[in-house]
Amino acid sequence: MATQHSRSAARLMMAPAVVLLLGWMLVPLIMTLYFSFKKYLPLRGGDLGWVGFDNYVRFVTSSAFWPSVLATLAIVGGVLVITVVFGVLLAILLNQPMWGQGIVRILVIAPFFVMPTVSALVWKNMFMDPVNGLFAHLWKFFGAQPVEWLSQASLQSIVMIVSWQWLPFATLILLTAIQSLDSEQLEAAEMDGASPLKRFAYITLPHLSRAITVVVLIQTIFLLAIFAEIFVTTQGSFGTRTLTYLIYQRVLESQNVGLGSAGGVYAIILANIVAIFLMRIVGKNLDA
Amino acid sequence: MSLKNSLLTATALAAVTAGGAFAETTVTIATVNNGDMIRMQGLTDEFTAANPDIKLEWVTLEENVLRQRVTQDIAAKGGQFDVMTIGTYEVPIWGSQGWLVSLNDMPEEWDADDLLPAIRGGLTVDGELYAAPFYGESSMVMYRTDLMEKAGLEMPAAPTWDFIKQAAAAMTDKDNEIYGICLRGKAGWGENMAFLTAMSNSFGARWFDENWQPELNGEEWTATVNYYMDLMNNYGPPGASTNGFNENLSLFQQGKCGMWIDATVAASFVTNPNDSTVADKVGFALAPDNGLGKRGNWLWAWSLAIPAGSDATDAAKKFVAWATSKDYTALVASKEGWANVPPGTRTSLYENPEYQSAAPFAEMTLGSINAADPTNPSVKPVPYTGVQFVAIPEFAGIATQVGQEISAALAGQQSVAEALEKAQALAADEMEAAGY
Amino acid sequence: MARAVTQQRKIINTVLAWGVGLLIFFPILWTILTSFKTEAQAISDPPVFLFFDWTLENYAVVQERSDYMRYLWNSVIIAGGSTVLGIIVAVPAAWSMAFVPSTRTKDILLWMLSTKMLPAVGVLYPIYLIFIKLGLLDSRTGLVIVLMLMNLPIIVWMLYTYFREIPGEILEAARMDGATLKEEILYVLTPMAVPGIASTLLLNFILAWNEAFWTLNLTAAKAAPLTAFIASYSSPEGLFYAKLSAASTMAIAPILILGWFSQKQLVSGLTFGAVK
């Protein structure tokens, strides 16, 4: 079907997007690589010469490095598990016959529209504040000692805030997928006496696997980069310093561009390891 | 005066209608969202009425975001701002880099000699004044006179740490949600570390020895942090590890703190009957000492500086002169009352009888500011300047991370010794990376 | 009997779904409610839910301090501009991937997605320097370009999955009738892909609207959007929950309303090819 002519036309049409993205990737990447081999301290006069792999060694041997990788993985993993599990349950629930389905759907997707900064501010001040937060009032009402969310359960709190923001996205994609499920197949299974759990495990879940793949892939890309939620709530204390946040501290708080750039290169490597891992496990589900 | 103003306005209008022959200069001001700056922004019209050829653009940001934005911009020479609101930490560093416009040629009537010597000294590098102080502060003890009386104690004008501990123990009544002492616990170089660094000075500690080797796991720092932990764990409010200035202010205003050691500017908030339930029961004292000759109070001034790359230096200078002048103080006093004028920058303010009667905390504020010595902050000799900070570019990064370790210790996630070991290691690491 | 059971189930579903829906929505509702309280009521103990003296004072204060419309307009231009520009660049690319696939199509697509993994903080300094050189700091143009590039991979991917669902025969037929490539895209493909394009537009508009790193770091006064507006209300001296809530409500209201009105379009197209 595709002629030689249309092939070259296709290449031509792909060119703008590919060239732009290549530029967007390569220019900063090359500059990051360049800086990462330099001693570059803007507050001490800028470029202080080449230092080889010093920045790389220093970044990775700092005591903050491995905890930050773990914190990143814990947040990404935690949010993925929560949004996928609750997303599936919510999608099934919203697919049932009920009154006011449209309004409920609006309520459920609303958090997706809220700016990360705003949602972090609202959660931190109005819900998780140990004195004036709504949770503290609720705890006190039941006679319990209010939880100091952002210090005692810091990682969990951040996972909760981020999950709240991304649950709508997961639910929407899973809901669209579930709506395309052949209801006759389910009814036939019901006739045959398959229990609801069996029907879910053998029909619904396999049908959703592609949608789950998409949710996991897209969310991972965004979650690896979360920043505002941590900046607003804990500023990286109490074990919530992710790799992204650590780089921020190096580049902006310590004004060490060389060291931060080396961290950036590590972050790219980590992102790619995660990506390859994802592709291996779920990539076959995705025929793109 | 008003005739002159209206003449000016008329000229400006004529110029604008004539097709902009009269060029308007835009001054972009980056500032922090504190109450005094918001008020300044609200008074913009007064300035532009007198200077119709200058247009003011405001970029008002939360403190952390502001600091990140202006530092990034000045380091990369982005030239985004004509006036930057910065503190006594940034001014010496940026000034010595030649990144700021010298303000030595400010007009006569601005009266540089009227500035408080401690504040002026903090903003001067090699004889050049690089920023104009907008408001200045130190730290002091604010305490509840009623609770102190109930405890049968009397606060001396210059208490010791031991007295503070004794008073905190006597005032604490956890069943009624009254905590003897509220201190900063939230991590950050300008949060818990500002307090702790100032406190450590009175314990004889220092950040670095004369060869720039950190001393965080040394005896003095250990004593400081242990004392702090002892106070906070036994007599402090719950959730103290996330309490910053705001949180403590609100606790104190709600009557939940017996004592609070923090910025002198808080005095006008806690004595304001509109916001504070304890407005008429607050006393003030100098920050505590430990008998070593240094007190645990800091020195800070939010100041207006002009970056060297600005394309509107003259207009920016005009604005800075206006916002930090005696006339501005009088303007705020006429609109909002003397208690609300930006404090801590000028001698004349503290000699003003109207201010003295409107601000019962004036004398203690002035005393605290004068008691701070940025060039000689600790008992032992140090290679740096700065009371609650070390004026080197690396400090903000290091101290924030150290603050996070101490905050984690306060939350019970590690011991003081562990926190200080980690702090020492990371400080040594960063100093080495910076080439000390 | 069977009807009764379904009816009962429907009631249970309704109650359950509404309960969950309201729970998820509650933080937003609480923010909106708090924005109408006085500062004292906002932190009162116990909290007041509905029965307080409703006031618009907070909105007045916020508006007096910051020119809301200017921030709003910048947000609209930046989010809208970057989305439209992104679609213009992405449509031809997605078209060629969908209809003239090669063995490398999948690799190219995944590579495009991987460009999104470059951590923004790590490249702030280089980008800042480039922006200074090009004079793009604090300009809407600069932000439109950056946000377009950020979202381009997602746009290409979404469009690609829609285009793939369009049967190739229709294009063949159009070609037989002598349609040029341009006509084919403009008159045959685009109309069929409108739902997909609409939901791509919406999703990316939302993503660009909420982007808070570049929009904050590359702007000062002229091009600052609502993300900068909110940064001037977070953590001031003292607790101002009501004013913070008012500013938050103002920052999210436009996109919330847009999202609600267009949720049908958004939902119908938000599949990323996950549905067979």
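For the stretch C:137-164, give me each residue that is away from chain A (no Cβ under 12 Å) and among the charged types (D, E, K, R). Result: C:ASP138, C:ARG140. The single condition from (1) in contact with a Lys or Arg (Cβ under 7 Å, 6 or more places away or on another chain); (2) away from chain A (no Cβ under 14 Å) that C:ASP53 fails is (1). Annotation: of all residues in the stretch A:86-123 being of a type in the set (A, V, I, L, M) and under 15 Å from A:ALA177 (Cα atoms), the one that is farthest from the other protein chains (Cβ to nearest Cβ) is A:VAL88.
For the stretch B:88-130, taking the residues that are among the hydroxyl-bearing types (Ser, Thr, Tyr) and out of contact with any helix residue (DSSP H, G or I) (no Cβ under 6 Å at 6 or more places or on another chain), the one that is farthest from B:ASN376 (Cα to Cα) is identified as B:SER102.
Against the definition (in contact (Cβ under 8 Å) with a residue 24 or more places away in the chain and of a type in the set (A, V, I, L, M, F, W, C)), how does B:LEU349 come out, yes or no? In short, no. Counting only helices (runs of 4 or more DSSP H) wholly contained in the stretch B:332-427, the ones carrying 1 or more residues that are outside the structural domain of B:PRO92 (by TED's automatic domain parsing) and within 30 Å of A:LEU41 (Cα to Cα) occupy B:395-410. Selection of helices (runs of 4 or more DSSP H) fully inside the stretch A:28-128 by the criterion of at least 3 residues being over 27 Å from B:ALA396 (Cα atoms) returns A:65-94, A:101-109. The set of residues in the stretch A:37-64 being touching a residue at least 24 places away in the same chain (Cβ under 8 Å) and more than 11 Å from every other protein chain (Cβ to nearest Cβ) consists of A:PHE37, A:LYS38, A:TYR56, A:VAL60. The residues in the stretch B:165-210 that are assigned to a strand (DSSP E or B) and hydroxyl-bearing (Ser, Thr, Tyr) can be counted, and the count is 1. Residues that are under 22 Å from C:LEU266 (Cα atoms) and either touching a Leu at 6+ places or on another chain (Cβ under 9 Å) or crowded, with 22+ Cβ neighbours inside 10 Å (or both) within the stretch C:162-180 comprise C:TYR162, C:PHE163, C:ILE166, listed in sequence order.
Yes/no matrix, rows are residues, columns are (1) out of contact with any Lys or Arg (no Cβ under 7 Å at 6 or more places or on another chain); (2) within 30 Å of A:LEU252 (Cα to Cα):
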position	(1), (2)
A:SER8	yes, no
A:ARG11	yes, no
A:MET14	yes, no
A:LEU29	yes, yes
A:LYS39	yes, yes
A:TRP50	no, yes
A:THR61	yes, yes
A:THR72	yes, yes
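Of all residues in the stretch C:196-210, none satisfies being among the aliphatic types (A, V, I, L, M) and over 30 Å from A:ILE103 (Cα atoms).
Residue count for the stretch B:96-140 satisfying the condition of being touching a Gly at 6+ places or on another chain (Cβ under 9 Å) and within 14 Å of another protein chain (Cβ to nearest Cβ): 4. If the condition is being more than 13 Å from A:PHE113 (Cβ to Cβ) and facing chain A (nearest Cβ under 7 Å), then the stretch C:25-39 contributes C:TRP30, C:THR34.
Total residues in the stretch B:55-78 satisfying the condition of being farther than 26 Å from A:TYR40 by Cα, among the charged types (D, E, K, R) and facing another protein chain (nearest Cβ under 8 Å): the figure is 2. Here B:SER368, B:SER407 are screened, and the one residue that is under 30 Å from B:PHE269 (Cα atoms), out of contact with any helix residue (DSSP H, G or I) (no Cβ under 9 Å at 6 or more places or on another chain) and either crowded, with 19+ Cβ neighbours inside 10 Å or away from chain A (no Cβ under 13 Å) (or both) is B:SER368.
Look at the stretch B:26-50: where a residue is under 26 Å from B:ASN272 (Cα atoms) and in the same structural domain as B:ILE74 (by TED's automatic domain parsing) and a partner is of a type in the set (Gly, Ala, Ser) and in a helix (DSSP H, G or I), sitting 6+ places away or on another chain with Cβ atoms under 6 Å, you get B:MET40/B:ALA323.
If only residues of the stretch C:91-149 that are touching a Pro at 6+ places or on another chain (Cβ under 7 Å) and closer than 20 Å to A:ILE30 by Cβ are counted, the one that is modelled with the highest pLDDT is C:ILE127. Filtered by the rule that a residue be within 12 Å of another protein chain (Cβ to nearest Cβ), touching a helix residue (DSSP H, G or I) at 6+ places or on another chain (Cβ under 9 Å) and either free of Cβ contacts under 8 Å to residues at least 12 places away in the same chain or part of a helix (DSSP H, G or I) (or both), the stretch A:139-151 gives A:GLN145, A:TRP149, A:LEU150, A:SER151. Being modelled with pLDDT of 90 or more and more than 10 Å from every other protein chain (Cβ to nearest Cβ) is a description that does not apply to C:ASN210. For the stretch C:111-136, the set of residues classified as of a type in the set (A, V, I, L, M, F, W, C), at the interface with another protein chain (Cβ under 7 Å from one of its Cβ atoms) and within 15 Å of A:VAL19 (Cα to Cα) consists of C:MET112, C:LEU113, listed by residue number.
For the stretch A:212-224, state whether one or more residues are part of a helix (DSSP H, G or I), touching a His at 6+ places or on another chain (Cβ under 9 Å) and within 11 Å of another protein chain (Cβ to nearest Cβ). No, that holds for no residue.
Within the stretch C:45-59, being among the hydroxyl-bearing types (Ser, Thr, Tyr) and exposed (fewer than 14 other Cβ atoms within 10 Å of the Cβ) holds for no residue. Picking from residues in the stretch C:234-264 that are surrounded by fewer than 20 Cβ atoms within 10 Å (Cβ to Cβ) and not in a helix (DSSP H, G or I), the one that is nearest to the other protein chains (Cβ to nearest Cβ) is C:GLY238. Only one of the listed residues (A:ILE161, A:ILE103) is within 25 Å of C:LEU33 (Cβ to Cβ) and buried (at least 22 other Cβ atoms within 10 Å of the Cβ). That residue is A:ILE161.
The values are calculated or read from the model by the stated rules, or taken from the named source; none is laboratory data. Keep in mind that what you see is a predicted model, and the values were worked out from it rather than measured. So basically every Cβ, Gly included, is an ideal-geometry build from the backbone, and we count neighbours across all protein chains shown.
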